[in-house]
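Since every read-out is calculated from the coordinates, none of them should be taken as a lab result. Bear in mind the structure is a predicted one, so any value in this text is a computation, not a measurement. Neighbour counts run over all protein chains shown; Cβ positions are idealised from the backbone, glycine included.
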Amino acid sequence: MVRIAILASGSGTNAQRIVEYFNGHALVRVVLIGCDRSKAGVIQRSWDLGVPCYLFNGKLLRDGTVLRELLTQRIDLLVLAGFMRLIPAEMVNAFPDRIINIHPALLPNFGGKGMYGHRVHEAVIAAKEAESGITIHLVNERYDEGHQLAQFRCAVLSGDTPETLAERIHELEHAHYPAAIEKVANGM
Ligand code: GAR
């Protein structure tokens, strides 16, 4: 069994989709949802889904407490789903090639520190890009720079707002992220 912990900071639609995808799966189980924001929507989702939620702040992430919790829970694979903090080097080293992230743009463009959520879509629209998409990648100790596993594209339409583009991006994420995670888990 591959034991997954999801880390999320926001609404948690990807986290929910991933939990539902692996419900009853023969190889993969989501055993924990970790969250660093006390008011994040993902907390209610974890409650509704019946997956234990582990709340922590930035200090606990940096001082190794979160890493110890993940090791205690025998987590094999970490999945970031709208997680907005940098993963400490110690955690990257403890999970070599075992942390996956999804980014709501076509990296290496529109990535890096401060580029998350709606800010990404605002920047893509401001740059008058004809297309955007999602990047699924392994995590290293720098924002959005790890080895890419997959990219999927969609059009940016004239008249798009950050909200309408975010919706299209979310559809791509929900359609492709769980299967990309499954592929990594299969290879473990
Ligand atoms: C997703 O679009 C994800 O790609 C993005 O946050 C959103 C979370 O949505 N992640 C980042 O921007 C990371 N840099 P969700 O909470 O509904 O899953």
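The mean sequence separation of alpha-carbon pairs under 8 Å and at least six residues apart, normalised by the residue count of the chain, gives a relative contact order of 20 percent. When both bridge partners sit in the chain, DSSP labels roughly 40% of those beta bridges antiparallel. First select every other residue whose beta carbon is under 13 angstrom from the beta carbon of residue 13; then total the charges, Lys and Arg +1, Asp and Glu -1. Around residue 13, the surrounding residues sum to -3. Partner aspartates and glutamates whose Cα lies under 16 Å from the Cα of residue 183, excluding those fewer than 8 positions away in the same chain, are identified as 76, 97, 173. Within straight-line reach of residue 39, meaning a Cα separation under 26 Å, sit the following lysines at least 8 residues removed in sequence or on another chain: 59, 113.
Only helices enter the 222 nm calculation for the chain: every DSSP H run of n ≥ 4 contributes -39,500 (n - 2.57), and dividing by all residues gives -11000 deg cm²/dmol, rounded to 500.
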